[in-house]
Amino acid sequence: MPAGAGTMKSGDPRLVSALVIQKVLAGRSLSELLPQYLDRLADSRDRGLVQAICFGVMRNYLKLHFIQRQLMAKPLKSRDRDIEALVLIGLYQLLYLRVGDHAAVHETAGAANKLRKRWAVGLINGVLRNFQRQREGLIEALEGEPEARYAMPGWLLHALQTQWPESWQQRAEALNSHPPMSLRVNRQINSRDDYLDLLRKNGIDAEPMPRVESGINLTRAMDVESLPGFARGCVSIQDGAAQLAAGLLGLQPGQHVLDACAAPGGKSCHMLEMEPEIELTALDSDAERLQRVSENLSRIGRRATLQQGDAADPDGSWTSQCYDRILLDLPCSATGVIRRHPDIKYLRRETDIINLVKLQNKILDTVWRLLKPGGVMLYATCSILPQENELQLQQFLSRQADAKEDVMDVPWGEARSVGRQIAPGEDGLDGFYYARLIKRAT
Ligand SMILES: C[S@@+](CC[C@H](N)C(=O)[O-])C[C@H]1O[C@@H](n2cnc3c(N)ncnc32)[C@H](O)[C@@H]1O
């Protein structure tokens, strides 16, 4: 049971949201916290509201925080982060949700009572009522504050402006948009058209993705377990950009393939759906996440050799052989998938990037040794930062004489000095980067 949840007196969705956001503000992630807290709510509408509030508040955090600062003379003490969370939740509802202003103010302020902080009821009420009175002026003030206006930390805004000087606003808005629920059809079991028909017969609205053969976007998100054939592996959840990886590897029966950072196994499963006769080793340093690879493989009815270990370790047991194909889907800033993980904007610091780049560099050098001459490595990140993408690979190619780029002739993304960058929102996809490398036969 999550800390704090045991003392909850009710399943009040605003209170539950405040407890989650309070913990995110203290450094925990939404994807870690939400499943535990949602489990405590019996009503699916309450679960939907908590999800909408938590994602919405973190997506708009810098904007809401700016407004809050204008409305509160003194900042709250750090022990009152729960009250700060309630203020943000109230502002979010008034700005973005159609719950009715009275309910938004009254219910949100009332939640402070359930936290046994009666003193805060009047405070929250006052701040939210002041917002209603000063709304227009406050929204106007946002225009002069780009970080608040685009709800993006300065370093990330700067990165977007540098990469896409003509369209950075559009990219920022794409990162702040609500993502579709995206599916990957298992074409060993059904064609995409057949699965689209099945969805329609079940009353589920869906569209094929334009550039991704196995991809479908649902018009409305739904419980995965209710997707037809989900338990039998007919379909999985995966963004379209991530679905491009498997097709870039040129998989053939009998090939030895290493997925060096495999968990939770989205791309491992896709490779086996595309070519079931490969010998796949799925490696990840995180034992808990590796368990999810195992569950995903068993749902689609495929097998791989699972290994827990550090891909930068030159002596791990997986290094006793060489591979025809390597997928290197590295840990990264995840700046391309902010629409799916909006708390990244709050949790990630610019200084984290230096350490990530070092780790990527180390893994890349170590894993390269495991590629057979003539073999192919696909380098992938869900980052939009050149340091983690083309700059990383430029340096790698300059120090690794037996490596050369295998330029991809594909209709998506934009060519960089090495590899291709998919901009956030391009063709409705997450921001992603791919580069394909070949090892020269010496
Ligand atoms: C971007 S995710 C991989 C996503 C996965 N390829 C998929 O499609 O589902 C990066 C993964 O790298 C793992 N990781 C981080 N550091 C690692 C290391 N030193 N060695 C191996 N795996 C590592 C993380 O646990 C995480 O699961």
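The values are calculated or read from the model by the stated rules, or taken from the named source; none is laboratory data. Keep in mind it's a predicted model, so treat the numbers as computed, not measured. Methodologically, a virtual Cβ is constructed for each residue, glycine included, from the backbone with ideal geometry; neighbour enumeration extends over all protein chains shown. The accessibility values were calculated without ligands, DNA or RNA, using every heavy atom of the protein model including side chains. Shrake-Rupley method; radii C 1.70, N 1.55, O 1.52, S 1.80 Å.
If you take the residues in segment 308-330 that are outside any loop (DSSP other than H, G, I, E, B) and more than 26 Å from N389 (Cα to Cα), which one is nearest to the ligand (Cβ to nearest atom)?
S317
Would you confirm whether or not segment 316-334 contains a residue that is within 30 Å of H178 (Cβ to Cβ) and of a type in the set (D, E, K, R)?
Within segment 316-334 (the criterion being within 30 Å of H178 (Cβ to Cβ) and of a type in the set (D, E, K, R)), the answer is yes, since at least one residue qualifies.
Is it the case, given these coordinates, that S78 is in contact (Cβ under 8 Å) with a residue 12 or more places away in the chain, within 26 Å of A148 (Cα to Cα), surrounded by fewer than 18 Cβ atoms within 10 Å (Cβ to Cβ) and not assigned by TED's automatic domain parsing to the domain that holds R220?
When the stated conditions are applied, S78 does not pass them.
In contact with a helix residue (DSSP H, G or I) (Cβ under 7 Å, 6 or more places away or on another chain), away from the ligand (no atom under 14 Å from the Cβ) and open to solvent by 10 Å² or more (accessible area, probe 1.4 Å): does that describe R369?
Judged against the criteria, R369 is not a match.
Across segment 291-304, which residue is farthest from A231 (Cα to Cα) among those that are within 11 Å of the ligand (Cβ to nearest atom) and either open to solvent by 10 Å² or more (accessible area, probe 1.4 Å) or at pLDDT below 95 (or both)?
R292
Mind counting the residues in segment 320-347 that are hydrophobic (A, V, I, L, M, F, W, C), open to solvent by less than 20 Å² (accessible area, probe 1.4 Å), out of contact with any Ser or Thr (no Cβ under 7 Å at 6 or more places or on another chain) and closer than 24 Å to L251 by Cβ?
3
Quick one: in segment 380-406, which of the residues that are under 21 Å from G336 (Cβ atoms) and part of a loop (DSSP other than H, G, I, E, B) is nearest to the chain's Cα centre (by Cα)?
Checking each candidate, the answer is C382.
With respect to N113, is the statement that it is within 23 Å of R135 (Cα to Cα), among the polar types (S, T, N, Q) and open to solvent by 10 Å² or more (accessible area, probe 1.4 Å) true?
Considered against the rule, which asks whether it is within 23 Å of R135 (Cα to Cα), among the polar types (S, T, N, Q) and open to solvent by 10 Å² or more (accessible area, probe 1.4 Å), N113 comes out as no.
Among the residues of segment 331-351, write down those that are away from the ligand (no atom under 12 Å from the Cβ), assigned to a loop (DSSP other than H, G, I, E, B) and either among the polar types (S, T, N, Q) or more than 14 Å from S31 (Cβ to Cβ) (or both).
R349
Those residues that are out of contact with any Lys or Arg (no Cβ under 8 Å at 6 or more places or on another chain) and open to solvent by less than 10 Å² (accessible area, probe 1.4 Å), I need them from segment 385-430; list them, please.
L385, E388, Q392, L393, F396, V418, Q421, I422
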